[in-house]
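Comments concern the structure below.
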Amino acid sequence: QRLNILPNTQDEIIDPGIATSSTFAWLNANDKSPLSYMHLNKMGMESWRRHVLLKDLPVWCGSIVRKKCQQDGEIDVEKLLTTEKNKSHYSRIGPLTAEEASRLEPGVAFKSPTTQATDDATSTENQNEELYFYPEEGHVNPVSAVKSLRQAANANGVKFVGGIQPHELMRDNINGKVNGVKIKLQGSENLEVMSADIVVISAGAN
């Protein structure tokens, strides 16, 4: 848990979830909801392809995703977006057979839904699932990506300060603009104010 540092909610404790290396590493937009969030992820993927600091880092190998079959009368939004008629730049291939999926990803022993349900009585729900391949997706080594960004930031005069805990955003009393962060240094109980012209919250949305 961490303290929510948004103004006027200093006492609110929230659970931000658990971040892993895969949280940042996978570059994808499939199965994102709502639709606006899917488009946001697609734009992020495009930035990874174009940005001069990032474009050489990703491995665009595609991804295989297991998805529930569409029920009768249910609209498959992704299918509508990935048809040639809609001229989408985001595509999917499938449903795949277990053999097709294994050719794409030899390290995984895929089973057909029927076989899987027969082998494992607890997997009967997989009879209603299908495999799809998203060729535009990929992954990135998070260590290499952060190192590249940090080196570029250092070269542009950015100073990194470690061992601090953000406590509260500070605002200008006149115009209300955020102009700093109240912080607590490691090993100290005292709060200090770090002033700034621009404050960027990049730890994810609360």
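The values are calculated or read from the model by the stated rules, or taken from the named source; none is laboratory data. Remember, predicted model here, so these are calculated numbers, not experimental data. Note that we place each Cβ from the backbone using ideal geometry, even for glycine, and neighbour counts take in every protein chain shown. Areas reflect the complete protein model, heavy atoms only, side chains present, ligands, DNA and RNA absent. Shrake-Rupley method; radii C 1.70, N 1.55, O 1.52, S 1.80 Å.
A 1.4 Å probe over all protein chains sorts E99, E130 by accessible area into E99, E130, starting with the largest. Net length available on complete extension from C61 to A109 is 15.5 nm, with 0.36 nm assigned per residue and the Cα-Cα distance removed. Net charge of the neighbourhood of W48, taken over other residues with C-beta under 15 Å away and scored Lys/Arg +1, Asp/Glu -1, is 0. Placing dummy labels 7 Å off each Cα toward the beta-carbon, the span from N175 to A25 is 4.4 nm. Converting the Cα gyration tensor eigenvalues of the stretch 146-206 into ellipsoid dimensions via √(5λ) gives semi-axes, longest first, of 22, 17, 12 Å. For A153, the shell of other residues with beta-carbons less than 12 Å away shows a net charge of +3, using +1 for Lys and Arg and -1 for Asp and Glu. Spacing of the modelled spin labels on K159 and E99, each 7 Å from Cα toward Cβ, amounts to 6.5 nm.
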